[in-house]
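The values are calculated or read from the model by the stated rules, or taken from the named source; none is laboratory data. Nothing here was measured: the structure is a model prediction, and the numbers come from that model. Ideal geometry is used to build each Cβ from the backbone, glycine not excepted, and the neighbour counts take in all protein chains shown. Remember, those area values only see protein heavy atoms, side chains included, never the ligands or the DNA or RNA. Shrake-Rupley method; radii C 1.70, N 1.55, O 1.52, S 1.80 Å.
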Amino acid sequence: MNTTFKVLLGMVFGILVGLVLNLTGLNADGTWANSYLTDGAFKVVGSMFVNALKMLVVPLVFFSLVCGVCGIGDIKLLGRIGSKSFLLYLVTTAIAIAAALTIATGFGIGEGMNAESSANFSGKASPPLSTVLINIIPSNPISAMAQGDMLPVIFFSIMFGVSILMVGKKATVVSDFIEALNEIMMKMVNIIMAVAPYAVFCLIARAIADLGMDLLAQLLGYVLVLIGVLLFHLFVTLQLILKVLSGLNPVTFMKKMRNTQVFAFSTSSSNATIPVTLRTVTQRMGVKNSVASFTVPFGATINMDGTAIMQGVATVFIANIYNVELGMMGYLTVIFMSVLASIGTAGVPGVGLIMLSMVFSQVGLPIEGIGLILGVDRLLDMVRTAVNVSGDAMVSTVVAKSEGQLDERIYNDPDAGNLSDLHLEQNQA
Ligand code: ASP
């Protein structure tokens, strides 16, 4: 049985066990299953795995990006890749939220519900644009790396790579060294992937066991419309863009993305999924490292289609519940704010709610309204993160294709980079 299949099995079993624990009440506080399984073994194994992924993110991004820049060898091309991916990330996010607003308004979700049951939620402020811009340049690269701040790390890595290129021959010893380090990091990704099926099982079983099923039923309209729009974006919008802009086969893309989506789903973090996305995009899709090393971490930070969709659906839902008329201006503000907010916030669990409070305060919706949807956000966070990473991978593939940096033989080979050949054996050279 190959690892790809085992990861999917881990997900299915995780959902089943989680449902059983939840529905039978076995997971209630203080019970045996709760202390030893959900908050015991599942939590430990799952968190160890997420930590292991996060452990790789900063060094992997640094080494692969420096390698990527050295590999491109052309600063103009780097500029083109940067501007193309930035533009595509913005456009896809804007399309995502526009679709969300349209569909949610069409369904009239939340109409006729009253706002009495509102829980408390006090919003956290998202950083203003000026701060985001200033912080792209790290005053201390080591501290940016220690904090895992992606944009400044990306900035420093590109500067470092460009400088290696400018120094030329004398610096080849450094670029060779970093290339070896990059390969070592990729090997570490493979090692961690080997235990993924069990970790995925634990993460998903725990998340589902903790779900508030009664809340889910109460908020059914919101949950269904949101998941519907997320799936629409994933299966229709992203695939159309892929087909139109690159001519590549969307079915192949979706098949190869499945595993990465499971990782995003179980970790709820685009950032923690970076090592997996990077591996999939380079080894399964055939995108050259020179493109992927930049577009993937960049996308994980600034591109959040799924999260933007949640902003749209939640805005319509809460506006209807509180009987607030948003009007055309309101909707445009939501689109604009969501796109901006997704640039300024990192892809970590639950960040969508922070963005939402920013949007709400901008259009004058009560922030405490977020309390209403808080209880079901854990599950929705999982689904939208899977959509987020799919957008990152799609844009990476399209940009690579347009710049002649995509190996179509790899893209069209169903087994390329499959998890079944993890190459855990030692190289004998
Ligand atoms: N968890 C999401 C991500 O990492 C962000 C969010 O929607 O909360 O991409």
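Here are some notes:
- Bridging of Lys54 to aspartates and glutamates at a Cα separation below 15 Å is possible for Asp149, once same-chain residues fewer than 8 apart are set aside.
- Shape annotation for segment 1-98: C-alpha extents along the principal axes are 61, 36, 31 Å, from largest to smallest.
- Computed over protein heavy atoms with a 1.4 Å probe, the carbon and sulfur contribution to the accessible area of the chain reaches 65%.
- In summary, the lysines within cross-link reach of Lys256, defined as a Cα separation below 19 angstrom excluding same-chain residues under 8 places away, comprise Lys6, Lys243, Lys288, Lys401.
- Accessible surface, per residue, of the chain when the full set of protein chains is kept, probe 1.4 Å, Å²: 43 Å²
- Considering helices alone, the calculated mean residue ellipticity of the chain at 222 nm is -23500 deg cm²/dmol, with DSSP H runs of length four and up weighted by -39500 (n - 2.57) and normalised per residue.
- Computed on protein heavy atoms with a 1.4 Å probe, the accessible areas place Cys202, Cys70 in the order Cys70, Cys202, largest first.
- Among Thr172, His233, Val348 - extreme Cα towards positive end, dipole of the chain, charges at beta-carbon: Thr172
- Hydrophobic, long helices, defined as DSSP H runs whose alpha-carbon span along the helix axis is 30 Å or greater and whose mean Kyte-Doolittle value is at least -0.5, occur in the chain at 42-72, 75-107, 172-194, 377-402.
- For the chain, the relative contact order comes to 31 percent (Cα pairs under 8 Å, sequence separation of at least 6).
- As a calculated quantity, the FRET efficiency between Leu90 and Thr31 at R0 = 45 Å, using C-beta atoms, amounts to about 0.40.
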